[in-house]
1. Under 11 Å from the Cβ of L44, count the other residues' Cβ atoms, weight Lys and Arg +1, Asp and Glu -1, and hand me the total.
2. Could you put E3, E104, E79 in order of accessible surface area, largest first, with the 1.4 Å probe and the full protein assembly present?
3. Could you give the length gained by full extension between I164 and D195, i.e. 0.36 nm per residue of separation minus their alpha carbon distance, to one decimal place?
4. Add +1 for every Lys or Arg and -1 for every Asp or Glu among the other residues with Cβ under 15 Å from the Cβ of L142, and state the total.
5. Check which residues have an amide H placed less than 5 Å from R124's amide H, if you skip close sequence neighbours.
6. Within region 165-185, list the residues whose amide N lies under 20 Å from a label point set 7 Å along Cα→Cβ of I150.
7. Suppose only helical runs count, i.e. DSSP H with n ≥ 4. What mean residue ellipticity at 222 nm does that imply for the chain under -39500 (n - 2.57) per run, divided by all residues and rounded to the nearest 500 deg cm²/dmol?
8. So between Y6 and A88, what do we pick up on full extension, going 0.36 nm a residue minus the alpha carbon distance?
Amino acid sequence: MPEQRYYYEPARGHGLPHDPLNAIVGPRPIGWIASLDAQGNRNLAPYSFFNCFNYRPPIIGFASSGWKDSVQNIVETKEFVWNLTTRALAVPMNETSASLPRGEDEFARAGLTPAPSRLVNAPRVAESPVNFECRLSQCIQLTSANGDLIDSWLVLGEVVAVHIDEALLENGIYQTAKAQPVLRAGGPSAYYAIDEAQRFDLVRPDAR
């Protein structure tokens, strides 16, 4: 039978009930970003476009559709904290996605505990088992292929300090599945978890 593929050009619309892009590129880690504004007010928000981009120095980043409070705060203070979202924290993480007036505290709304960081002023989520303290590396406004500016901002930060719950380390090796990270998928409500039963291993081939 001839291969059947659904084809569309994003600029003309996808013609589907929901844009498949972020379901195809997924599941994705969640950028649960804590920051302070210049007056010291706390902010905590999840971003579904997030990942790690460099080893040394470690660079992580998230993209914000629109100039949101997190971006404003990070540009003002030059720092932020990433917090691992686990299955146990999925509901409070989702609660922090609510659009609140600037200056209102998402930590308080979600019943989360702000914990002091070591090297930055932005707080950590105490309930999260892994936190990255970050200093702003770059804030880049994205552009289309033809150079048009897009109302979307890529925030990159150097990880300057790492906090890991020692229960997640076995013989010094971080146990990804044990942390039960929550990952964002497509659609308005889809998330996934990681299970050790789904693990498989591949060894990189030798260079020839």
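The values are calculated or read from the model by the stated rules, or taken from the named source; none is laboratory data. The structure presented is a predicted model; accordingly, all values stated were derived computationally and were not measured. Methodologically, a virtual Cβ is constructed for each residue, glycine included, from the backbone with ideal geometry; neighbour enumeration extends over all protein chains shown. Please note that ligands, DNA and RNA were not included when accessible areas were found on the heavy atoms of the full protein model with its side chains. Shrake-Rupley method; radii C 1.70, N 1.55, O 1.52, S 1.80 Å.
1. Surrounding charge for L44 is -2.
2. E3, E104, E79
3. Gain in length upon complete extension: 9.2 nm.
4. On the way: positive: K68; negative: D148, D151.
Residues near L142 contribute -1 overall.
5. It is A115, S117, by chain and number.
6. Counting only backbone N, you get 184-185.
7. Theoretical 222 nm ellipticity from helices: -2500 deg cm²/dmol.
8. 25.8 nm
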